[in-house]
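The values are calculated or read from the model by the stated rules, or taken from the named source; none is laboratory data. Computed from a prediction, not measured in an experiment: that's the story for all the values here. For neighbour counting, all protein chains shown are included, and Cβ atoms are generated from backbone atoms with ideal geometry for every residue, glycine included.
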Amino acid sequence: MNAPSLIHTTGRTSQPVSVYYEQFEPSEPTARPLIVMIHGGAHSAECYQRTPDGRPGWVYRFVARGYPVVAPDWPGVGRSGFVPIDILDGETVVEGLSGLLRELDRPLVLLTHSMAGCYGWRLTELHHGQVMAVVGVAPSQPGNIQTVSPIVSETDTMLEIETFGRRMTIDKTAFNRPAEDTIRNKYIGASRYFPMQHLQSYTRGLLGLPPRILAQRRNVRGTQVRVSDPKKFAGKPVFVLLGSEDIDHPREVDEAIVFWLREQGAAADFCYLPDRGIVGNGHMMMLEKNSDDLADIMIDWLDRTLKR
């Protein structure tokens, strides 16, 4: 599919921290709500704009279906500019994105991926009147239900933890670039759809992860971002999408989010792709060869849900 005709602008918030974002509006305005696409770790909002094999990304698919899109970079990451590493944690990311939502000041849908999942749960709580629905693509759990990763060893500069049966070392003094085994096993895994001929260029574009955010993702010492008032999810439509070949997201882990949300009164739906006969997707679904088909699944859900 060629990129649709649209209006493309850029912006930057300044309070409480700088957030760079790009906005994509259909050339012909529609009544559909704004989609705010929040990227995961080691990436920027560019992951929603272009696939490694050069196809238009989810931004353009949503715009073609009538949904305007805003795609920000996390505070302190990508084009959003510098934030001191000693304060760059999940709470800072949430504060920056919260400032963006206030500036947008319109009804919207949050679409999060991976690490950003926990930020989306917290943002939905903070902006529950503005957020019409949430779509989580292999989203991280909120700290309310995530298992704490045990610490194997720690010094002033290094933290070693155990997670999903393997050990991870975090440099506490610098941004942590994804190791080759992380890229191959976690981001790609046994995906049948990732364009492997473009692996090298994809790898070159990955960003380092702030150490405090990386530790929070594994809920070290129970520090993962939490939802303070889960009942703010009462009646909120939520859609969780998961592929079959995601090493850090076995079905039971992501399905537990849906069960927890339903306990809070959310109208939460779980879409495990093999249940629809789609087998072989990994973690980076927006970059895989069937990305348009996956976007259409989410858009169809939004079309049905927001018309209720």
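Quick test for you: out of PHE259, PHE270, PHE239, pick the one residue that is aromatic (Phe, Trp, Tyr), closer than 18 Å to TRP121 by Cα, crowded, with 22+ Cβ neighbours inside 10 Å and modelled with pLDDT of 95 or more.
On the way: PHE259 fails: crowded, with 22+ Cβ neighbours inside 10 Å; PHE270 fails: crowded, with 22+ Cβ neighbours inside 10 Å.
Of PHE259, PHE270, PHE239, the one residue that is aromatic (Phe, Trp, Tyr), closer than 18 Å to TRP121 by Cα, crowded, with 22+ Cβ neighbours inside 10 Å and modelled with pLDDT of 95 or more is PHE239.
Name the residues in the range 257-308 that are within 19 Å of TYR48 (Cα to Cα) and among the basic types (Lys, Arg), would you?
Within the range 257-308, LYS289 is the sole residue that qualifies.
Of all the residues that make up the range 212-226, how many are under 17 Å from the mean Cα position of the chain (by Cα) and surrounded by fewer than 22 Cβ atoms within 10 Å (Cβ to Cβ)?
Residues that pass the stated criteria total 1.
Somewhere in the range 162-176, is a residue surrounded by fewer than 23 Cβ atoms within 10 Å (Cβ to Cβ), under 20 Å from GLU46 (Cα atoms) and at pLDDT 95 or above?
Yes - at least one qualifying residue is present in the range 162-176.
Determine if the range 20-38 includes at least one residue that is under 15 Å from GLY81 (Cα atoms), of a type in the set (A, V, I, L, M) and touching a Ser or Thr at 6+ places or on another chain (Cβ under 7 Å).
no
In the range 28-66, what residues are surrounded by 24 or more Cβ atoms within 10 Å (Cβ to Cβ), over 11 Å from the mean Cα position of the chain (by Cα) and among the β-branched types (Val, Ile, Thr)?
Residues satisfying the conditions are ILE35, VAL59, VAL63.
Within the range 115-131, is even one residue among the basic types (Lys, Arg), crowded, with 19+ Cβ neighbours inside 10 Å and more than 26 Å from ASP293 (Cβ to Cβ)? I'd like the intermediate steps shown before the answer.
First pass over the range 115-131, keeping only residues among the basic types (Lys, Arg): 122.
Narrowing the set further to residues that are crowded, with 19+ Cβ neighbours inside 10 Å leaves 122.
So of that shortlist, the ones also more than 26 Å from ASP293 (Cβ to Cβ) come out as 122.
Yes, the range 115-131 contains at least one residue that is among the basic types (Lys, Arg), crowded, with 19+ Cβ neighbours inside 10 Å and more than 26 Å from ASP293 (Cβ to Cβ).
Tell me, which residue of the range 194-211 that is closer than 21 Å to VAL83 by Cβ and in contact with a Gly (Cβ under 8 Å, 6 or more places away or on another chain) is surrounded by the fewest Cβ atoms within 10 Å (Cβ to Cβ)?
LEU207
Out of VAL135, VAL109, which single residue is under 20 Å from TYR272 (Cα atoms), crowded, with 20+ Cβ neighbours inside 10 Å, of a type in the set (A, V, I, L, M, F, W, C) and at pLDDT 95 or above? Give the derivation first.
Values: VAL109 fails: under 20 Å from TYR272 (Cα atoms).
It is VAL135.
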